[in-house]
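Participant: Quick one: structure below, then a few questions.
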Amino acid sequence: MFKDTILQRLIKKYPKPHFEDRSEFFMRELIKSVISQQLLVKASDTIFSRFVALFSNGKFPTATTILGMNDEEMRHAGLSYAKVTYVKSIANAFMSDLIDIGKMRKQSDEEVIAELTQIKGIGKWTAEMILIFTLNRPDVFSIGDLGLRRAIENLYGITDNHEMIKLSETWRPYRSTACWYLWRSLENKNKSV
């Protein structure tokens, strides 16, 4: 898959990634992504669980239900005022048909990013993570991801963003898989790869 010897070593060291199309849970995945922004995984998982628990039966709510929710109740789950606004913006996008899952499945990565970044609280990084982990796109590289940049610096000694992008071009058409292995390499950063 990769001629890159560093990636070849990572592939031998870590299990194969399992990507799947999760587009049937699109609103849930977008909201989870927004809640997790700038938080550690454990904290974001806790807040997301509390958010879901606000709704009957602990099932993920509809866009209508979210829009009817009192902001202060959402705040009690641990969401900041900004994230409450972002979650409601996502719900509005589904209510107004800005988000059309069938259409997005057929769009290019760039078109999906352009559509998603129209929603308040969704930036390019969040859209790229949705492409990889929700829409199962095989060739996404997120230069805005701090972890990826750190992994490339650790493994390749490259610090310049343009050089990182150039390196990522050699991983086409499987840059999403390359990213996954680079993220995994950070788990054992004190051990040699």
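The values are calculated or read from the model by the stated rules, or taken from the named source; none is laboratory data. None of the values given here were measured: they were computed from a predicted structure. Cβ placement follows ideal geometry from the backbone for every residue including glycine, while neighbour counts extend to all protein chains displayed.
The rows are residues; the columns are (1) assigned by TED's automatic domain parsing to the domain that holds residue 31; (2) within 24 Å of residue 19 (Cα to Cα); (3) modelled with pLDDT of 95 or more.
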site: 90; (1), (2), (3): yes, yes, yes
site: 97; (1), (2), (3): yes, no, no
site: 103; (1), (2), (3): yes, yes, no
site: 108; (1), (2), (3): yes, yes, yes
site: 114; (1), (2), (3): yes, yes, yes
site: 126; (1), (2), (3): yes, yes, no
site: 150; (1), (2), (3): no, yes, yes
site: 169; (1), (2), (3): no, yes, yes
site: 178; (1), (2), (3): no, yes, yes
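Participant: Take the residues in the stretch 47-75 that are loosely packed, with under 12 Cβ neighbours inside 10 Å and not small (Gly, Ala, Ser), then tell me which one is nearest to the chain's Cα centre (by Cα). First the steps, then the outcome.
Facilitator: Of all residues in the stretch 47-75, those loosely packed, with under 12 Cβ neighbours inside 10 Å come to 53, 56-59, 64, 68, 70, 72.
Applying the additional criterion that residues be not small (Gly, Ala, Ser) yields 57, 59, 64, 70, 72.
On the way: 57: 26, 59: 22, 64: 24, 70: 27, 72: 26 Å.
Filtering first and then ranking leaves 59.
Participant: Still on this structure, please answer the following. Determine, yes or no, whether residue 1 is in contact with a helix residue (DSSP H, G or I) (Cβ under 9 Å, 6 or more places away or on another chain) and either in a helix (DSSP H, G or I) or surrounded by 14 or more Cβ atoms within 10 Å (Cβ to Cβ) (or both).
Facilitator: Numbers: in contact with a helix residue (DSSP H, G or I) (Cβ under 9 Å, 6 or more places away or on another chain): yes; either in a helix (DSSP H, G or I) or surrounded by 14 or more Cβ atoms within 10 Å (Cβ to Cβ) (or both): no.
No; evaluated as a whole, the condition is false for this residue.
Participant: Considering only residues that are surrounded by 15 or more Cβ atoms within 10 Å (Cβ to Cβ) and assigned to a helix (DSSP H, G or I), which ones fall in the stretch 25-45? Break it down stepwise before answering.
Facilitator: In the first step, residues of the stretch 25-45 are kept if they are surrounded by 15 or more Cβ atoms within 10 Å (Cβ to Cβ); the result is 26-37, 39, 44.
Within the stretch 25-45, 26, 27, 28, 29, 30, 31, 32, 33, 34, 35, 36, 44 meet the criteria.
Participant: Residues of the stretch 155-180 being in a helix (DSSP H, G or I) and surrounded by 14 or more Cβ atoms within 10 Å (Cβ to Cβ), which ones? Lay out the reasoning, then the answer.
Facilitator: Let us first name the residues in the stretch 155-180 that are in a helix (DSSP H, G or I), namely 155-156, 161-169, 175-180.
Of everything in the stretch 155-180, those that are in a helix (DSSP H, G or I) and surrounded by 14 or more Cβ atoms within 10 Å (Cβ to Cβ) turn out to be 155, 156, 164, 167, 168, 175, 176, 177, 178, 179, 180.
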